[in-house]
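Notes follow once the structure below has been shown.
Where a number appears in this text, it was derived from the coordinates with a stated rule and is not lab data. Because the structure is predicted, anything quoted here is derived from the model rather than measured. Heads up, the Cβs are rebuilt from the backbone with ideal geometry, glycines too, and the neighbour counts pull from every protein chain shown.
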């Protein structure tokens, strides 16, 4: 039976595995080589991101805005 202990986050209880993972010799040597390179200061590969979270730009003059329409002018 594996050892688990509850982890409390965001009002929910989850179980976390606290056992050390069993790795093959090849996996261990690959992991150790990567950690060794990182500790020596070797640069990692540059990651390319495609950020689509910005606002979509409207090229036309019929641009719609979000929210309520503007208030009419107050008569004097």
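Order 18-29, 40-51 from most to least packed using the mean count of other Cβ atoms within 10 Å.
Packing order, densest peptide first, comes out as 18-29, 40-51.
Sticking with the crude label model, points 7 Å out along Cα→Cβ, report the distance from residue 28 to residue 50 in nm, one decimal please.
4.0 nm
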